[in-house]
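Beneath this line is the structure, given in structure tokens, with notes to follow.
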Amino acid sequence: MFRHERSPMKSRVFVQKLDHYDLEKIESFVRSAVDLFDPESQRLGRGQKVLLKPNLLRAAEPERCVTTHPALIEAVCRVLRDRGAGKIDISDSPAFGSPAHVAQTAGYGPLMKRYDVRVVPFRDPVSFAGEENIPHLKIAGNLKEYDQVINLPKVKSHCQMTLTLGIKNLFGVVIGKRKPVLHCLVQNDKVKFGRMLVDIAREVAPCLTLADGILAMEGDGPIRGTPYPLGILAAAQDITALDRVIVEITGVRPETVYALEAARQKRFGASTLDEIEMIGETGLAALRVSDFRLAQVPLDISFNPFRLVRSVLKQIYQVGIKEKLAG
């Protein structure tokens, strides 16, 4: 078990350097993180129903770095099973394809059989009263079926939001094509969109965020970028603190990461380094990189109506026809 003396009034972020997907080393990190943030097994203990929320944006093999790597998911499943978790499910709302198909393509199939884990769709959208008063904002109602949510983002550049990290990953609890509609409703205000993401993160309230940054994505993310050897895993209860540390490591200006800037404005979590205690790898200077590339051409947050219609038709074809023919 990882032991340390906690600094008062600071959010803790546990970071470990790891340059490849070694399952045993990843499991050791996850076990240390879970013991650090839940030492008495009050949240992630016997009989708990736990939902894992990885990034399953679209069907892509693990080496393309579009999705959260299966080794991290398997490590989490191992640790939860050892702690006596009653149920472990995986869910996301992909842009294209069903969650089950995307998870299979991402390499989750073997671990699902090994640990008796299901991929379930998000369903039963329910409204909630966010501070931003965004019309039609609804999240998956079946989140209430779980005792805890573990957030498992993939560290990626993002052509609209600069980076997608812990806060942005929870946008996946908005079901299907409601997401591009919400993109349009903020009228191309990226910080307003970020404030909506913060409202969602506050509502979902994951008990732990574990970020996959061993191989990140740089360039034209979140889909068309290229792998980047960032070489880190990070864990925190404070999702904003985790995002702030990763932003520092990538060398990106924090005010340009709109979800993080929104969290700062809304005083949601620790958004400055002075408020954060580093555990594990404590020297940010040794972790920081100088050549992480962002999207060459940042895009507006809004989608034009024709793109939205095309996206809907593509999803209908992907789930309703292509996946059924392949199966």
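Just so you know, all these numbers are worked out from the coordinates, no wet-lab data involved. Predicted model, so just to flag it, every value in this text is computed and none were measured.
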#### Entry: Candidates Arg114, Arg244, Arg81, ranked by Gaussian network fluctuation over the chain, Cα under 10 Å, top entry
Arg114
### Summary
Quick shape check on the chain: root eigenvalues a ≥ b ≥ c of the Cα gyration tensor, a/c under 1.5 is rounded, otherwise prolate if a/b tops b/c, else oblate, and it reads rounded
### Query
Using the Karplus equation 6.51 cos²θ - 1.76 cosθ + 1.60 (θ = phi - 60°), what ³J(HN,Hα) coupling, rounded to whole Hz, does each residue of the stretch 103-117 give in order, writing x for Gly and Pro?
5, 4, 5, 6, x, 7, x, x, 5, 4, 5, 5, 10, 6, 10
### Task
Using amide H atoms built 1.01 Å from N in the peptide plane, name the residues 5+ places from Val119, or on other chains, whose amide H lies under 5 Å from its own.
Ile90
### Message
Using the Karplus curve 6.51 cos²θ - 1.76 cosθ + 1.60 with θ = phi - 60°, what ³J(HN,Hα) values do you get for each residue of the stretch 278-294, in whole Hz, with x for Gly and Pro?
### Response
7, 10, x, 7, 9, x, 4, 4, 6, 8, 5, 10, 10, 10, 6, 9, 8
### Task
Give the shape of the stretch 42-158 as rounded, prolate or oblate, defined through the alpha-carbon gyration tensor: a ≥ b ≥ c are the square roots of its eigenvalues, a/c under 1.5 means rounded, and otherwise the shape is prolate if a/b is larger than b/c and oblate if not.
oblate
### Query
Roughly what % of DSSP beta bridges within the stretch 11-326 run antiparallel, to the nearest 5?
50
### Query
Amide H neighbours of Ile232 under 5 Å, counting only residues 5+ apart in sequence or on other chains, H built in-plane at 1.01 Å?
Leu18, Gly213, Ile214
### Task
Past 26 Å, Cα to Cα, is the threshold; run Lys17/Lys87; Lys10/Lys190; Lys113/Lys154; Lys144/Lys168; Lys49/Lys138; Lys10/Lys144 against it and keep the listed order.
Lys17/Lys87; Lys10/Lys190; Lys10/Lys144
#### Entry: 5 angstrom amide H check on Lys156, placed H, neighbours 5+ away
Thr164, Met217
### Task
Output the relative contact order of the chain, whole-number percent, from Cα pairs under 8 angstrom with separation of 6+ residues.
23
## Note on the structure
Going residue by residue through the stretch 200-211, the Karplus relation 6.51 cos²θ - 1.76 cosθ + 1.60 with θ = phi - 60° gives ³J(HN,Hα) values, rounded to whole Hz and with x marking Gly or Pro, of 5, 4, 5, 6, 6, 6, x, 6, 7, 10, 10, 9
### Query
How big is the gap, in Å, between the Cα center of the stretch 227-252 and the Cα center of the stretch 80-98?
22
